[in-house]
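J.: Quick one: structure below, then a few questions.
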Amino acid sequence: MTDTLLKFMLGAGHVRGVVVRLESVWREMRKRRQHDALVQNLLGEMTAAAALLAGSLKFDGSLVLQIQGDGPLRLAVAECQPDFGLRATAKAEVHGVGSLSELANAHGMGRCVITLDPRTKDQGQQPYQGIVALADADGQSLSDLGAVLQQYLAQSEQIPSWLMLAAGEQAACGLLLQRMPDSGGTAGTAGRDAEADEDFSRAVHLASTLGRDELLQSQPEDLLRKLFWQEAPRVFSPQSPHFHCTCGKKRVADMLRMLGQDEVESVLKEQGEVDVTCEFCGARYAFDLVDAARLFRPDVNQPPAPPHPQ
Ligand SMILES: [Zn+2]
């Protein structure tokens, strides 16, 4: 399997983790949309990170990870669906700059936004959004997406976390470790908490010996065995991340409807058809005169509502 996501637990169960390796997803992304190498690598890390975060949450919905930059990188987005369908894209004008802070935090205004969008909204479930600066508590720019997300997890989930990301020629990979939340309340909790702290620091210490190259070159199971053999890792059944774009003709039609009839007609007059290319996967959607007329005919667009179930 070239794309794998594994959840695991270490030792006495105080530390949980996720490891992901994307090969064909990463290949597919680069085949469909070309970006400057720096932006491309950031997108690889973001895609691995989106899968890691989705894998660490008990949440049924899509996870959207965004970098909203104030430098040459305006916006980078990676999305993970509940079945680990992944896609990513970026808007950037990059000319020879290097780190994340130079790309996206040139004036200290860059931020990282994480949105959890529940699959079903019928029980009043609303999307949840968390925002974190691309700088540490002292306002010092962070040069690494892993550090940004570590900060996000500490703030939003209040769970000590450790994270490493890497993207290279062959693969985009990531490793996440989290200290399990305290059970709280019962007798002897303090002892268990100290033990959990100790287990977590030992796991982080072991993981910190890992270099980015090694992360990129290792298969997830081998990596866990090699890093944590003393901690007797328990690995859960693997998930299969895959490239998946959620675009489609209906979504493009909805977008054109939002744009309005006048706008669409003026493009039609000028170009003969309205041509929309998906920013994520490069798919093209063409609307000619007939399609466009159908867009704005209410009787065709809005089928009668089904009778309300009693
Ligand atoms: Zn698409």
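J.: In region 230-243, is there at least one residue being within 16 Å of the ligand (Cβ to nearest atom) and at pLDDT 95 or above?
T.: yes
J.: Here's something else I'd like to know. What is the residue count in region 139-156 for residues that are out of contact with any strand residue (DSSP E or B) (no Cβ under 7 Å at 6 or more places or on another chain) and not in a helix (DSSP H, G or I)? Before you say what the answer is, go through the steps one by one.
T.: If we filter region 139-156 for residues that are out of contact with any strand residue (DSSP E or B) (no Cβ under 7 Å at 6 or more places or on another chain), which is where we start, we get 139-140, 143-144, 147.
Among the residues that remain, those that are also not in a helix (DSSP H, G or I) are: 139-140, 143-144.
Number satisfying all stated conditions: 4.
J.: Quickly run through region 266-283 and pick out the residues that are within 16 Å of the ligand (Cβ to nearest atom) and over 24 Å from the mean Cα position of the chain (by Cα).
T.: The answer is 275, 276.
J.: Right, next: What helices (runs of 4 or more DSSP H) completely inside region 162-279 contain at least 2 residues that are outside the structural domain of residue 149 (by TED's automatic domain parsing)?
T.: Result: 189-207, 249-259, 261-271.
J.: Can you report the number of residues in region 33-73 which are more than 20 Å from residue 105 (Cα to Cα), touching a Lys or Arg at 6+ places or on another chain (Cβ under 8 Å) and in a strand (DSSP E or B)?
T.: Residues meeting the conditions: 2.
J.: Hey, can you tell me all the residues within region 12-32 that are crowded, with 18+ Cβ neighbours inside 10 Å and not in a strand (DSSP E or B)?
T.: Correct list: 14, 25, 26, 28, 29.
J.: Also, I was wondering about something else. With the checklist (1) among the hydrophobic types (A, V, I, L, M, F, W, C); (2) touching a residue at least 60 places away in the same chain (Cβ under 8 Å); (3) part of a strand (DSSP E or B) in hand, flag the one item residue 76 doesn't pass.
T.: (2)
The values are calculated or read from the model by the stated rules, or taken from the named source; none is laboratory data. Since we're looking at a predicted model, the values are computed, not measured. Note: ideal-geometry Cβ built from the backbone for every residue, glycine included; neighbour counts use all protein chains shown.
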